[in-house]
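The values are calculated or read from the model by the stated rules, or taken from the named source; none is laboratory data. All of these numbers come straight from a predicted model, not from anything done at the bench. With ideal geometry, Cβ positions are generated from the backbone for all residues, glycine too; neighbour counts draw on all protein chains shown. Note: areas computed on protein heavy atoms with side chains; ligands, DNA, RNA excluded. Shrake-Rupley method; radii C 1.70, N 1.55, O 1.52, S 1.80 Å.
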Amino acid sequence: MTKTSQPGAEPANVFEDRAMPGQWRVEWFDDGGRCELEIFTGHDARRQALRYAMRKYGHFREVQLEPEGETPRLR
């Protein structure tokens, strides 16, 4: 798997979905605004999402989402 992050691009975000607890998402945006999204489910969804983000993007941040309307918090 080739890392797709580009110089200056933001790190990928890894977080648990608000609407679907237990479902983990990896989102990455390039400098042009294009988005890549992967969704993981199952008993080890968080671990799968973190491993995927590391392999695919090389750098990421795990974000703990607050209830809607509040700012995300970095872990």
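Scanning the range 18-52 for residues being within 13 Å of LEU65 (Cβ to Cβ) and either modelled with pLDDT under 95 or out of contact with any strand residue (DSSP E or B) (no Cβ under 9 Å at 6 or more places or on another chain) (or both) gives a total of 4.
Any idea which of GLU70, GLU66 is assigned to a loop (DSSP other than H, G, I, E, B), touching a Lys or Arg at 6+ places or on another chain (Cβ under 9 Å) and at pLDDT below 90?
Working: GLU70 fails: touching a Lys or Arg at 6+ places or on another chain (Cβ under 9 Å).
Just a single option satisfies the conditions, and that option is GLU66.
Any idea which residue in the range 29-46 is least open to solvent (accessible area, probe 1.4 Å), counting only those that are farther than 16 Å from ARG61 by Cα and of a type in the set (D, E, K, R)? Among those residues, the one meeting the criterion is ASP44.
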